[in-house]
1. Could you please let me know if S86 is within 30 Å of N124 (Cα to Cα), free of Cβ contacts under 8 Å to residues at least 12 places away in the same chain and of a type in the set (S, T, Y)?
2. Of L27, L108, L40, which residue is in contact with a Pro (Cβ under 7 Å, 6 or more places away or on another chain) and surrounded by 13 or more Cβ atoms within 10 Å (Cβ to Cβ)?
3. Quick one: is G112 assigned to a helix (DSSP H, G or I) and either modelled with pLDDT of 85 or more or aromatic (F, W, Y) (or both)?
4. Quick one: would you say K78 is within 21 Å of the chain's Cα centre (by Cα), over 30 Å from K125 (Cβ atoms), part of a helix (DSSP H, G or I) and touching a residue at least 24 places away in the same chain (Cβ under 8 Å)?
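The values are calculated or read from the model by the stated rules, or taken from the named source; none is laboratory data. Quantities reported herein were computed from a predicted structural model and do not represent experimental measurements. Note: ideal-geometry Cβ built from the backbone for every residue, glycine included; neighbour counts use all protein chains shown.
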Amino acid sequence: MYFLNSVWDWFWFCFWIFAYVAYLFALIYILIDIFRDHSLNGWLKAVWVLFLVFVPFVTALVYLIARGKGMAERSARKQVEYQEYSEEEIRATSFANPASEIEKAQSLREQGLITDGEFEALKNKALGGKY
């Protein structure tokens, strides 16, 4: 790489690589937003995508100016949906009912599969270590 002889050559090379990657991320984010928006019909989505393919820089600027506010609102709404879904999944897979966990441990102890010490440890775990 003989064209990178000085520090400033390296600086500008890194800057343009960074700018190019940031630009690609912006285009991908705009594409995601186009298909996330349910208020746009299929023809308008196709027009936006065609313009992004053939005139990407200008189209990206126009899209961000014209639809930037809606883009932010859709993104915020999606984050809330992800958070709610995540909390529901955590509740569904966690120790939601300590009494049922204690009953399971009790039946395992009665069957002789666990010792009294293991039963106590499971009971404490189900109760959150409070007792």
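1. For S86, the condition - within 30 Å of N124 (Cα to Cα), free of Cβ contacts under 8 Å to residues at least 12 places away in the same chain and of a type in the set (S, T, Y) - is met.
2. L27
3. no
4. Answer is yes for this residue.
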